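Please read the structure below before turning to the comments.
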Amino acid sequence: FSICIGRDPRVHGERLADSFARGAESVDGVTGPVRVLYTGVTNTPSMYEFVRAGKCDAAVMITASHLPEDKNGFKFFSKSGGLTKNNIDELVSLAKEEARSWYDFGVLPPSSGTVGVMCSELVNFVPYYKDTLKQAIIREVGSSSSPSPSKPLLNINIVVNPGNGAGCFFNDLLRDLGANVAGSIHLTPDGTFPDTFGVPNPEKKDMVEETMRACETHNADIGVMFDTDADRAGFVLPRIIDKNGMRSNYEPLNKNRLIALLSVIFSSSSPGATIVTDSTTSEGLTQFLENKLGLHHFRFLRGYANVIGKAQELTESGEANAEVAIETSGHCAMKENGYVDDGTYTAVKIIGLLARTLASGEGSLLGLISDLDEMPFDEEFRIRVTDGSLKTTTSIFQQLSESLKEKCSIMDGWSFDEDNLEGVRVRLSSGGFFMIRQSLHDPVISVQAESVSQEEARSQVLKPLLDLFSKHDSLDYSALESQ
């Protein structure tokens, strides 16, 4: 039984890989000894690809994704995909028992110190994964749109910003396919991460702004960003392209916009398909998907594992053809890619569409989603529970939920969303919405609001919510007061 281990660039990842390898190889598998293969720095989606391709029986990725650089963790993969919550709970329980036995003996598990990862074999599977992405881009661009079969991205300027994370290899991949990537930044895996924005996260304002500046400098057709383990992507695109091909006014392609553009792709390749998203997507996105593209929009619970699980369930049951499972955070999994949460594959789809659009000489990527109704006011507020207790958070949230439902019956312009599956979602008569939901892990109540103006948001959403929140002494609602 073989297990492949990979990691992101965090400096302590190698020590954890060594510890895991020593522990795993000390255990006899069902059919014989356990062999650990160490592939070094790679991205999370590649680990499942190695299992799927038969290079190993299971895989472990050591990463903390976009969390602070002193954090780390493990993601597990089998041939059926990522492990479930029940699987993880069982692993934790077994690990506790093993740790207790070591403690009872009064000894520490062995370590290799600074000499590397002690395991059965050091491997380099990353080139295989890069080749699968290369072939995917070639397929996406298509022979009719490509000036050269082996260089389908010729004359396309792309800025890649992996933030010194595990997605640095993607830049070389694009160069191999003919793209001009001279403007790319932060291309060396480095667990200390950039001084300018820290741990890479495509939602982080500083990372987006630095990518836009690089795009402006190099007249890029698109900017591509990844989080630390490259299972999530974000993009920037030019709003203006003049008659001389000069691009300017770059804007983020994220959240509802990214979902809309991916949906444009599948409206052609899989008419009538279902797009599964988290609960915080906009009213305008639903209208765009269903009325403009003829697709079905299924909102589900926040958390990419929840969204992906629901998409698989809908497809396997025959209830729907769920081609895409995606969160507004950028976590995205597609049926055609085995529902793997893969930022690099998301980039493959977007870059493929870009190449086809440029080859046609008609329009732009932002033009393809020009009918998406976007609200001028779009903000999320995190209301902290001051005692830090999850129990207090749950109690207050339940009280707020009941109060909001009651208020919907008397508040002009409010309509309670009966179909919402998470928290409380209220539609505004002007076309916007707001919702409150309890954080999955933190003593926080999140408020998401979209409105036609800041003035309406203040009068129709924030002030009424402040009236409700002020009745609870354990809430820090200063974020709302500042508006």
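What to note about this one:
- In the range 180-214, the residues that are under 21 Å from the mean Cα position of the chain (by Cα) and among the basic types (Lys, Arg): Lys204, Lys205
- The requirement of being among the acidic types (Asp, Glu), in a strand (DSSP E or B) and within 22 Å of Pro376 (Cα to Cα) is satisfied by Glu450.
- Among the residues of the range 294-345, those that are of a type in the set (S, T, N, Q) and more than 26 Å from Leu173 (Cα to Cα) comprise Asn306, Gln312, Thr315, Ser317, Asn321, Thr328.
- Note on the range 196-211: among residues that are of a type in the set (Val, Ile, Thr) and either more than 15 Å from Gly167 (Cβ to Cβ) or touching a residue at least 60 places away in the same chain (Cβ under 8 Å) (or both), the one that is most open to solvent (accessible area, probe 1.4 Å) is Thr196.
- Residue check for Arg427: open to solvent by 60 Å² or more (accessible area, probe 1.4 Å), touching a strand residue (DSSP E or B) at 6+ places or on another chain (Cβ under 6 Å), in contact (Cβ under 8 Å) with a residue 40 or more places away in the chain and within 20 Å of Asp278 (Cα to Cα): yes
- Qualifying position, being farther than 19 Å from Thr328 by Cα, touching a residue at least 12 places away in the same chain (Cβ under 8 Å) and not aromatic (Phe, Trp, Tyr), among Ala179, Ala233: Ala179
- Boolean, Ser184 is in contact with a Lys or Arg (Cβ under 7 Å, 6 or more places away or on another chain), hydroxyl-bearing (Ser, Thr, Tyr) and in contact (Cβ under 8 Å) with a residue 24 or more places away in the chain: no
- Residue check, Leu314 of a type in the set (A, V, I, L, M), in contact (Cβ under 8 Å) with a residue 40 or more places away in the chain and open to solvent by less than 10 Å² (accessible area, probe 1.4 Å): yes
- For Asp190, the requirement of being in contact (Cβ under 8 Å) with a residue 60 or more places away in the chain and surrounded by 24 or more Cβ atoms within 10 Å (Cβ to Cβ) is not met.
- Among the residues of the range 4-19, those that are open to solvent by less than 20 Å² (accessible area, probe 1.4 Å) and either at positive phi or out of contact with any Leu (no Cβ under 6 Å at 6 or more places or on another chain) (or both) comprise Ile5, Gly6, Asp8, Pro9, Arg10, Gly13, Ala17, Asp18.
- For the range 330-349, the set of residues classified as of a type in the set (Gly, Ala, Ser) and open to solvent by less than 10 Å² (accessible area, probe 1.4 Å) consists of Gly330, Ala333, Gly343, Ala347, listed by residue number.
- The set of residues in the range 265-300 being open to solvent by 20 Å² or more (accessible area, probe 1.4 Å), closer than 15 Å to Val324 by Cα, in contact (Cβ under 8 Å) with a residue 60 or more places away in the chain and not charged (D, E, K, R) consists of Phe300 alone.
- Of all residues in the range 140-175, those satisfying the criterion of being open to solvent by 50 Å² or more (accessible area, probe 1.4 Å), in a helix (DSSP H, G or I) and modelled with pLDDT under 95 are Ser143, Ser144.
- Residue check for Met375: under 23 Å from Glu481 (Cα atoms), touching a Gly at 6+ places or on another chain (Cβ under 9 Å), modelled with pLDDT under 95 and buried (at least 18 other Cβ atoms within 10 Å of the Cβ): yes
- Considering (1) in contact with a His (Cβ under 8 Å, 6 or more places away or on another chain); (2) part of a helix (DSSP H, G or I); (3) touching a residue at least 24 places away in the same chain (Cβ under 8 Å); (4) surrounded by fewer than 16 Cβ atoms within 10 Å (Cβ to Cβ), the lone condition that Thr217 does not fulfil carries the number (1).
- Put simply, of Leu404, Leu400, Leu358 the only residue that is in a helix (DSSP H, G or I), in contact (Cβ under 8 Å) with a residue 12 or more places away in the chain, open to solvent by 10 Å² or more (accessible area, probe 1.4 Å) and aliphatic (A, V, I, L, M) is Leu358.
- Condition check for Ala305: open to solvent by 40 Å² or more (accessible area, probe 1.4 Å) and small (Gly, Ala, Ser): yes
- Check on Glu380, in a loop (DSSP other than H, G, I, E, B), touching a Ser or Thr at 6+ places or on another chain (Cβ under 8 Å) and surrounded by fewer than 22 Cβ atoms within 10 Å (Cβ to Cβ): no
The values are calculated or read from the model by the stated rules, or taken from the named source; none is laboratory data. Quick caveat, the model's predicted, so the values are computed rather than measured. Cβ coordinates were reconstructed from backbone atoms using ideal geometry, including for glycine residues, and neighbour counts include every protein chain displayed. Surface areas here come from the heavy atoms of the whole protein model, side chains and all, with no ligands, DNA or RNA. Shrake-Rupley method; radii C 1.70, N 1.55, O 1.52, S 1.80 Å.
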